[in-house]
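Taking it in order: structure first as structure tokens, then the write-up.
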Amino acid sequence: MTSKVNICTELRISSAPRLSLSINPSLTALAMITDALAGRARGLPQVWRRTIQAAVGLAGREAARPLAVPGYSVVPDSVVPRMTVEDVSVQAQIEMLHDMHPSWLIDDLERTFGAGSPPAHWRGVAERPDQWLRGYASALADVWKAAEPLWRRARPLLDKEIERVGIAAVRGGQELLLGALSDRIRYGEQGLLISDVESGSFDLGNRHIVLLPMLAGQRAVIARLDSPDAVWIAYPLSGAEQLWHRSAAPATDQLSELIGPIRAEVLFSLDRPMTMSMLAAEVKIAHSSMTRYCHRLHAAQLIKRQRRGREVWIERTERAEELIHLFR
């Protein structure tokens, strides 16, 4: 039996840090990929781990494997979404991967791991960079297809987080805020200590800290501490646990009066995309009956259906989201 060693990356801070906040959904997609597909469990609820695993195709699952090999946390910049103070869409990240020339990825691997052969878990990527870029782009697209409805519902929580960070920045509560972002982050006498599988040490200097809230497991942290203009720290969005599971609210009864009890239950169950079989099991009705109810909901423009291989995936439309928001 091996003893557990506490390894941390240190960010030394000599004065009250300047804080800002950025909304970047691509980091949520990356955190979900790392947790559900690459094997680095960070507290993503099991139902969402299964959803992500079912949503991503073989090429995407293969591309995710190098991201969380035991003993390594450093990855090439190509993997981490562009971090800017402006909102960046997941689609923009996917397009960037499609536009990236394979030689750029090879150069990125050399910048990250040095000249010569990269670590064993990245050698397959170096041998087939174009294949990896396509696979990783497909993984991002598949994950975001499943997670985007959850992100839309998180908008009120994101607005509260913007307010919380702003208050801390104005009233001098930066240290308290930073120390409460995650169980894996501590604010000590010298600055921040971030629990990691690889140690490192950085000085904040004159840079500011940009915080990026994610919909991720409670132990998920993604940090970039070596950028020349700013330090970037992505962390779990406060209060997000209320989004992970469908709420059993009386709104279901109110919506039932409008569209019928089974169809209301179906809509409330679709807090994430599901296959027809998953949905039938969730609502506890026969597959044939679920097909009939989904046909009517589709005709009313309340659900969308998409065939992926042999499965038909169901998700709520914007119209359905607005309807549920109204009753909630």
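Worth a mention:
- Label-point separation, Ser288 to Arg186 (7 Å along Cα→Cβ), nm: 6.2 nm
- Net charge dipole, the stretch 246-327: roughly 460 debye, given to the nearest 20, about the Cα centre with Cβ charges of +1 for Lys and Arg and -1 for Asp and Glu.
- For the stretch 84-129 versus the stretch 18-64, the inter-centroid distance based on Cα atoms is 18 Å.
- Selection from Ile285, His98, Leu58 lying farthest towards where the dipole of the chain points positive, charges on Cβ: Ile285
- Each part gets one Cα centre, and for the stretch 257-328 versus the stretch 171-190 those centres are 42 Å apart.
- For Leu21, nonlocal amide neighbours, meaning residues 5 or more places apart or on other chains whose placed amide H falls under 5 Å from its own, are Leu211.
- Nonlocal amide H pairs with Val74, under 5 Å, H built at 1.01 Å: none
- 3J(HN,Hα) from dihedral phi, the stretch 270-279, Karplus parametrisation 6.51/-1.76/1.60, rounded to Hz, x for glycine, proline: 7, 6, 8, x, 9, 7, 4, 5, 4, 5
- Spin-label model, Asp203/Leu58: points 7 Å from Cα along the beta carbon direction are separated by 5.2 nm.
- For the chain, a simple Cβ point-charge model (Lys and Arg +1, Asp and Glu -1, everything else neutral) yields a dipole of about 1120 debye relative to the Cα centre.
- Packing-based order for 278-287, 210-219, using average beta carbon neighbours within 10 Å, highest first: 210-219, 278-287
- Computed lengthening from Arg18 to Glu175, 0.36 nm per intervening residue step minus Cα-Cα distance: 55.5 nm
- Taking the charge dipole of the stretch 13-241 about its Cα centre, with +1 at Lys and Arg Cβ atoms and -1 at Asp and Glu Cβ atoms, the residue from Pro76, Pro228, Gly166 reaching farthest to the positive side is Gly166.
- Here P(r) over Cα pairs in 20 Å bins from 0, in percent was computed from the coordinates, and among (1) 28, 59, 13, 0; (2) 34, 61, 5; (3) 29, 54, 17, 0 the match is (3).
- Projecting the Cα atoms of Phe113, Leu192, Val88 onto the charge dipole of the chain (Cβ charges, centred on the Cα centre) puts Val88 farthest toward the positive pole.
- Rough spin-label spacing in nm, given labels placed 7 Å along Cα→Cβ, for Glu163 and Ile7: 4.1 nm
- Share antiparallel - DSSP beta bridges, the chain, percent rounded to 5: 60 percent
- Phi-derived couplings, Karplus 6.51 cos²θ - 1.76 cosθ + 1.60 at θ = phi - 60°, listed residue by residue for the stretch 97-102: 5, 5, 7, 6, 6, x Hz, with x used for Gly and Pro.
- Taking other residues whose beta carbon is less than 15 angstrom from the beta carbon of Trp104, and scoring Lys, Arg as +1 and Asp, Glu as -1, yields -3.
- Calculated [θ] (222 nm, deg cm²/dmol) that DSSP helices of n ≥ 4 give over the chain, each run adding -39,500 (n - 2.57): -14500 deg cm²/dmol
Values in this text are rule-based calculations from the coordinates and carry no lab data. Just so it is clear, the model here is predicted, and its values are computed rather than measured. Glycine also receives a Cβ, built like all others from the backbone with ideal geometry; neighbour counts cover every protein chain displayed.
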